[in-house]
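Colleague: Supplied in structure tokens, the structure appears directly below.
The values are calculated or read from the model by the stated rules, or taken from the named source; none is laboratory data. These numbers come from a predicted model, not from an experiment. Only protein heavy atoms, including side chains, enter the accessible area calculation; ligands, DNA and RNA are left aside. Shrake-Rupley method; radii C 1.70, N 1.55, O 1.52, S 1.80 Å.
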Amino acid sequence: MRKGVFSLILASVLASCGTDKKNVSYTPPLQSQPSPLEQKISEGASQELPVTSPVNPEKLDLCTRHLLFADQYITASDYPEAADEIKEAEKYCKPGDPRLLYMEAVMADINENRKKAYELYYQAAKGYIKKGDLDSAFKCYSGMISINPNGKEIKELKPYFEDDNY
């Protein structure tokens, strides 16, 4: 008897679990269209944007042009090309030009010649202060602090940057 009751319960459960094929509708999963970005990636197009200048370099003097290119090469981590551009800039820049001194300091810093970088940053900072360009002088000052935060030159330049703007 137990077998009969169990079989009856099992049969009713199985019958209730069955589906009526008339009421079932099949909808395939939606296939979304790829986004423009996904299309570009799948096409294998380069995702890297070129470094472009906001100014036309042909209209710049040769000193500025070579320094601009050097800066772009440094940004792209192409240090040998940056060094070549700085050497070219030396031919056209005036001696003591703080822009040239700053770029030379950056290259010395990259090459881990800290003593030379510190001195060049200092000379560039003084040149920028003389011209009244405190924003550029502050970049030099920051480079100096990263090398020797307790240097006497830091103490000399500090009063220029104690303003709220710095």
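Colleague: Looking at segment 97-117 only, could you name the residues that are open to solvent by less than 60 Å² (accessible area, probe 1.4 Å) and more than 15 Å from SER136 (Cα to Cα)?
Modeller: MET107, ALA108, ASP109, ILE110, ALA117
Colleague: Next question, about the same structure. Out of all the residues in segment 36-52, is one or more of a type in the set (Gly, Ala, Ser), at pLDDT 95 or above and open to solvent by less than 100 Å² (accessible area, probe 1.4 Å)? Outline the logic, then answer.
Modeller: If we filter segment 36-52 for residues that are of a type in the set (Gly, Ala, Ser), which is where we start, we get 42, 44-46.
If we keep only those that are at pLDDT 95 or above as well, we get none.
No, segment 36-52 contains no residue that is of a type in the set (Gly, Ala, Ser), at pLDDT 95 or above and open to solvent by less than 100 Å² (accessible area, probe 1.4 Å).
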